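The values are calculated or read from the model by the stated rules, or taken from the named source; none is laboratory data. Values in this document were obtained by computation on a predicted structure and should not be read as measured data. Note: ideal-geometry Cβ built from the backbone for every residue, glycine included; neighbour counts use all protein chains shown. What goes into the accessible areas is simple: the full protein's heavy atoms, side chains included, and nothing from ligands, DNA or RNA. Shrake-Rupley method; radii C 1.70, N 1.55, O 1.52, S 1.80 Å.
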Amino acid sequence: MFGSQSLRVPVGRDARRWSTFHGDRTLVVAARTVTSTVRVLETLPSLLRGDSRVTVVFAHDPTSAFNADVLDLLRTAGCRVMPWQQLEHIDPDLILSASENIDVPEGDCPVLVLPHGVGFQKLVPDSRSSRARLSGVVPESLLESGRAWLAVSHPAQEAQLLAAHPKAAGHTLLVGDPCFDEIAVSRPLRNAYREALGVSEDQRLVVVSSTWGPTSTLGRHPDLPQRLLAQLPYDDYRVSAIIHPNVWSAHGAWQIRTLQAAALDAGLLLMPAVHAWRPALVAADVVVGDHGSVTLYGASAGTPLLLASFGEDAVPGTAVHDLAAVAPRLDTGGDMLQQVADVVHEHRPDRYAAIAARAFAEPGRSLARLRTALYRLLRLPEPSSPPPSPLALPVPDSPASPVSSWHTTSSVTGDRAAPTVEVCRFPAAAFAYDRALPDSATSFSHLACADDERDHRLTESASVLVRRQPASTSVEALRWIADTLTRLPGSLLSASAVRGDCCLVGLRDGRIVAAATTGPATDPGLSAAVVYACLRAGRPLDDAQVTLRVGDRRDEDVLLRLRPTGSAGQLP
C-alpha cells in the first residue's frame, strides 16, 4: 500500500538524506476515524502555521469499525501517511489524536488527545470488550503511564472525567472548543452561506442533525427528512441533513443516498461528511436533532431546536443531557409544519445560554490555549507570531439537485376583478404517486413537472409542464409549449418564461396567456399555478390583475393577458 519512500520520508533512519525540511521535533498524528481525523485537520494548521521546527506525519490506525475513507481523506488533504506498525520504529516527540481509542506503542513521548465532539457526553460500544465505555477517555493503561493529556472544553468536563477516571488527575488541559469558536465567529457570513446553499431570503432552513447508532435521529426515524419535505411548503422551506461521519463510514455514501433517494429528489441538502456541515449549521433557522454534538452546537449558537430523538446512551450530568430537559420534542406523527413554526415564534436567542456556558469555557480563545499546550508538550517555545484566532468558515458548495415535480394547491379568493391566488407547493418525490389532493369550488390541486423530470410516470400524469430554463425568444417559448402539449396529451397547460420578459402559458385549447409580475421574476411554475387556478375557477385570463401569495412572502401582482390570435400569438 505504501512505497519505500513513504517509509523513510519525513521520518525514519535515513530521513535526513531525503528531506528538504529538517524539523527539531516530530509530531505524529494518529488517524483512526474520519470524525477524529477531520478535527485534527481543521485545527492543526492554525497551531503550526509557518513553523518549520515541527515535522508532521500521519499514522493510519486501521483498527476502528469506522476507519473507511480515512486514507482517502488524508490523501485528499495532501498528508504524508505511514502505516501504524511503523510508529514503534520511530521516536516521535508528541503523538496527537482526536480519537481516544488508540493503541499507542510503548515509549515515553506524551500523547495529546483532542475531543472530536463536545466532551464526554455519550456511552459508546467498547471495541475491546462487549461493554459500553465513556466516549473520549483513553485506555486505562495510557492513563496509568502518565503519558496521556486530555483536552477539555470546560471545567465541568474535567470534574466529570475525574469522577469516572481518577487516574486522569493532573493530566487534563482546559482549552475550550475550536469548533464552537469557528461557528460563533462565522455568524456574520450567515447570509452568504444561505445563498450558497440555495436558501432564499424569505425561506427557512431546517437542519436535521443525526449522530450515529440506533438511538440517533435517523436510527429511529430514517424517513424523517422525506416526511419533513412532505409537510413543509417548497417555496417557504429548505431541508438539510447533517449525518455523523460514522454513519457514512459504516454504511457508505451509496447506502445513505439510496435510503434518502426520495428526500434527495425532493430537494434535500445532504451535507458532505466533512467540513461543510458547520456553515449549514450557521445558516439554519431550526435544528431538528438528537443527543449528538451538532445538536448542542446549534442550540448553543442560539438556533431554535426540536428534539426528534434522545438516546439513553447520553450521559447524565452533561450539557447535552441537560438539553433534553429544556428543549421541546418533535412529535413525528403530528403536524410538523406547525411545530416548526411554533418553535421559531416562541424561541429566545438566549434560551440555551446557560447550557452553552456549562459546555464551552472561554469562547474565542481555544486555538491560542491549544497552541500553548501543544508547544509545551513539544518542549519548544511558542512562535513569536500572534496567537491564532478562529477564522470564519469557508462558503460551501450546494449539494442539492433541483426539484423537478411538485404537488401544487392553488386557492382563489377575492372578487372577480382582482382575485388573490394563494399557491402552496410540495415536492412530488416526497409523496406516493397516487396521493389524492381534494378540490373544492375555490381550491384546486395539480401535479406540475419540469421538463427535466426523469420519472415518466410523473410527467405523463402532470396537468402542468414547466420549462426549467427561460427561452431566448417568445417564438422559441411558443414552439416548446406546442411540442410539449402535443407530446403529452394528458396535460392541461405548459409554461415557459422568456428571458427578460414575461412567462407564456399555453392552454390545451390553443390560447396563450402572458403572465407578467410587477416585482422580481417569478418562478414559471408559480405563474402557471396562477393561470391554472383562474382557469379552474372561471376567473378572467385577459387584462386581469391577480395577487399571488406564496406562504408568508410579500404578495406579488401578476398581470394576465391573452396574446392576440395569429401565427406569432398562439399555438400552431
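Annotation note: Cβ proximity below 8 Å between a residue of the range 137-152 that is in contact (Cβ under 8 Å) with a residue 40 or more places away in the chain and buried (at least 22 other Cβ atoms within 10 Å of the Cβ) and a residue that is hydroxyl-bearing (S, T, Y) and in a loop (DSSP other than H, G, I, E, B) (sequence gap 6+ or interchain) occurs for no pair.
Got a sec? Which of P328, P316, P272, P279 is under 12 Å from the mean Cα position of the chain (by Cα) and either surrounded by fewer than 24 Cβ atoms within 10 Å (Cβ to Cβ) or small (G, A, S) (or both)? One residue alone meets the criteria, P272. Here are some residues: D290, D322. Which one is among the charged types (D, E, K, R) and open to solvent by 10 Å² or more (accessible area, probe 1.4 Å)? Criteria check complete, one pass: D322. Among residues of the range 456-481 that are charged (D, E, K, R), those with a Cβ under 6 angstrom from a residue that is open to solvent by less than 60 Å² (accessible area, probe 1.4 Å), sequence gap 6+ or separate chain, pair up as R467/W480; R467/S496; R468/A450.
Cβ-Cβ distances below 6 Å connect the following pairs, each with a first residue in the range 336-347 that is touching a residue at least 40 places away in the same chain (Cβ under 8 Å) and farther than 10 Å from P304 by Cα, a second residue that is assigned to a helix (DSSP H, G or I) and open to solvent by 40 Å² or more (accessible area, probe 1.4 Å), and a separation of six or more residues or different chains: M336/Q231; L337/Q231. Filtering the range 236-277 to residues that are without any contact (Cβ under 8 Å) to a residue 12 or more places away in the chain and not aliphatic (A, V, I, L, M) leaves H251, W254, Q255, T258.
Pairs meeting the criteria (first residue in the range 172-191 and in contact (Cβ under 8 Å) with a residue 60 or more places away in the chain and on the phi > 0 side of the Ramachandran plot, second residue among the acidic types (D, E) and open to solvent by 50 Å² or more (accessible area, probe 1.4 Å), beta carbons under 6 Å, at least 6 apart or on different chains) are G176/E362.
From the list D483, D397, which one is open to solvent by 40 Å² or more (accessible area, probe 1.4 Å) and over 25 Å from V207 (Cα atoms)?
On the way: D397 fails: over 25 Å from V207 (Cα atoms).
One residue alone meets the criteria, D483.
Would you tally the residues in the range 293-305 being surrounded by fewer than 22 Cβ atoms within 10 Å (Cβ to Cβ) and touching a helix residue (DSSP H, G or I) at 6+ places or on another chain (Cβ under 7 Å)?
We begin by selecting, within the range 293-305, every residue surrounded by fewer than 22 Cβ atoms within 10 Å (Cβ to Cβ); these are 301-302.
With touching a helix residue (DSSP H, G or I) at 6+ places or on another chain (Cβ under 7 Å) added as a condition, the list becomes 301.
Counting residues in the range 293-305 that are surrounded by fewer than 22 Cβ atoms within 10 Å (Cβ to Cβ) and touching a helix residue (DSSP H, G or I) at 6+ places or on another chain (Cβ under 7 Å) gives 1.
Assessment of the range 238-253 against the conditions (at pLDDT 95 or above and of a type in the set (F, W, Y)) yields no matching residue. In the range 368-391, the residues that are without any contact (Cβ under 8 Å) to a residue 60 or more places away in the chain reach residues that are in a loop (DSSP other than H, G, I, E, B) and polar (S, T, N, Q) with C-beta atoms within less than 8 angstrom, at least six apart or across chains, in these pairs: A368/S389.
Identify the residue in the range 82-99 that is under 33 Å from the mean Cα position of the chain (by Cα) and open to solvent by less than 10 Å² (accessible area, probe 1.4 Å) and, among all such residues, is farthest from I355 (Cα to Cα). Walk me through it before giving the result.
Residues of the range 82-99 under 33 Å from the mean Cα position of the chain (by Cα): 82-84, 95-99.
Okay, now just the ones that are also open to solvent by less than 10 Å² (accessible area, probe 1.4 Å), so 82, 95-99.
Numbers: M82: 41, I95: 32, L96: 29, S97: 27, A98: 24, S99: 25 Å.
Looking at the filtered set, the residue picked out is M82.
For the range 424-436, does any single residue satisfy the condition of being open to solvent by less than 20 Å² (accessible area, probe 1.4 Å), outside any strand (DSSP E or B) and either of a type in the set (S, T, N, Q) or closer than 30 Å to C179 by Cβ (or both)? Step through it out loud before you land on a result.
Restricting attention to the range 424-436, the residues satisfying the condition of being open to solvent by less than 20 Å² (accessible area, probe 1.4 Å) are 425, 427-428, 430.
Among the residues that remain, those that are also outside any strand (DSSP E or B) are: 428, 430.
Filter once more, keeping what is either of a type in the set (S, T, N, Q) or closer than 30 Å to C179 by Cβ (or both): none.
Within the range 424-436, none of the residues are open to solvent by less than 20 Å² (accessible area, probe 1.4 Å), outside any strand (DSSP E or B) and either of a type in the set (S, T, N, Q) or closer than 30 Å to C179 by Cβ (or both).
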